[in-house]
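Working notes, structure below.
No lab work stands behind these numbers, since they all come straight from the coordinates. All figures in this text were calculated on a predicted structure; none of them were measured in a lab. Cβ atoms come from the backbone with ideal geometry, glycine included; neighbour counts cover every protein chain shown.
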Amino acid sequence: MRYIVAICLCVCSVTIKAQDISGTWEDYNDHRFTYYTRLCIANICGKYIGYTYDKDKDSGYCKTNFYGTYNKRRQYFWGESIDFIMNTRGHMQTRYSLFYKKEGDDEILEGTVSQKPDSLYQMIDGIPRLILIEDPQPEYIRLVKTSNKIDSTAYVRIMASKPCKVNPRVSTPPAVVVTPPEEKIIEKPVDQKIIEKPVVDTPVAASPEDVILQMQTNRKNDTLSVVSVTEKELMIRVIDNALTDGDTISILQNRKLIAHKIPVARIPFLIKLELSKENPQHELILVAHNLGSIPPNTALLLISSGDKEYRLAAFADLKKNAVIVFRYVGE
C-alpha cells in the first residue's frame, strides 16, 4: 500500500483522503501586498509536508517546500519553508501558525504568516547575496480548503518514496508445554512465621502541568487587566514586548497548561479562546521561568476580537505571575 502512494504522487496531481488537514488551501486578500497564497499539505507517514505558493501586487511570486506539524487535539498547525522551488527577487521564506476550524461546509485554517527570522542567501544578478531579515510583524491569514488534491513536487515524491518507520513487532515466543510435577505434600513447622515485606509506593514523577501549577501557587498573582468582549472567539498572539532577550514562560488557561516553557520572541505563540454565556470567563496566567537578560520577563499580547484590536503588556518575575482575565458580555 505504501508503494501505491508513491506511484500516485509521481503524476501531476494527487488525490488525498479527506483526513487531518491534507489538501489544497487558498487565500485571496486584496488588503495584503501578497494578495494570493496557496498551501498544499500532504500527510506522509504522520509528517505534514508540501509546498507554498504566493503572488504579490508587483507580479512577484514565490514557491517553497515546507515541513510542518499538526496537533489534532488543539487543531493547531505550525509549518515553515525549508527551501525555494522558485521565486522572484525580494521574496523570503515563511512560517505559518494556524488553527483549524469549520464554518458551515467550509474548512478553514487561520492564524498568522511571518518571514523566517534567520538570514537567507538569494541569487541576485547571478550572485548569491546574504539578505538580513528584520522580521516584520506577522500578518493575519485565512485559508479555505478548496480541494482534497495537491499538486506533486519533487520533494513530496522523494518523501513519499521512503518507507514509513514503524516500531518492530515483538515476536511471540513459542508456546512451552509445562508438565506439572508430581504433587508433594510439605508440612510446615508449627513455629514457622511468614514475614511479609512492607509494600513501598514508588514515587510518581510530577507532570509538567503539576509543576507549573505549583510554581503558580507559590507566587503572587497580579491581575493586570480584565477585558470585556462581545465576540465569542478571540485570537491572541504572544510576542516579546521589547528586545528579544531569552524570556521563557508557561501559560495557564483556567488552570490548564496550554504552553510549556515557550520562548517569548518575535514569532508569536497563538492562543484561541472560545467564550459563551455558559463559559463567559477565561483567565490566562503567565508564569515566568527566567528573567531573560533584561529583567523582568516581558510579553506583549495582541488580541483580535472581531474588528477590534487590543494590546496588553504583561510583566512577570520569579515572585509574581501576570494574570489577564477575558469576560464575555455579549448577547
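General remarks:
- Charged-residue dipole, Cβ positions (Lys, Arg, Asp, Glu), segment 20-99 about Cα centre, Debye nearest 20: 240
- Remark: segment 243-331 carries a charge dipole of roughly 200 debye about the Cα centre, counting +1 on each Lys and Arg Cβ and -1 on each Asp and Glu Cβ.
- Karplus (6.51, -1.76, 1.60) ³J(HN,Hα), θ = phi - 60°, over segment 141-149, in Hz, Gly and Pro reported as x: 9, 9, 9, 10, 6, 10, 6, 8, 9
- Positive-pole candidate from ILE236, GLN253, SER276, dipole of segment 211-328, charges at beta carbon: GLN253
- At R0 = 41 Å, FRET efficiency that the Cβ-Cβ distance of ASN148 and ASP210 yields, to 0.05: 0.50
- Euclidean distance between Cα centres, segment 43-90 to segment 242-303, Å: 26
- Across LYS116/LYS220; LYS145/LYS232; LYS55/LYS272; LYS72/LYS220; LYS57/LYS232; LYS63/LYS145, pairs whose alpha-carbon gap is larger than 30 Å: LYS116/LYS220; LYS72/LYS220; LYS57/LYS232
- Integer Hz, Karplus 6.51/-1.76/1.60 couplings in order for segment 288-293, x for Gly and Pro: 7, 9, 7, 10, x, 7
- Other residues with beta-carbon under 9 Å from the beta-carbon of ALA299 carry, at +1 per Lys or Arg and -1 per Asp or Glu, a net charge of -2.
- Counting Lys and Arg as +1 and Asp and Glu as -1 over every other residue whose Cβ lies under 14 Å from the Cβ of VAL144, the net charge comes to -2.
- Nonlocal amide H pairs with GLN93, under 5 Å, H built at 1.01 Å: LYS116
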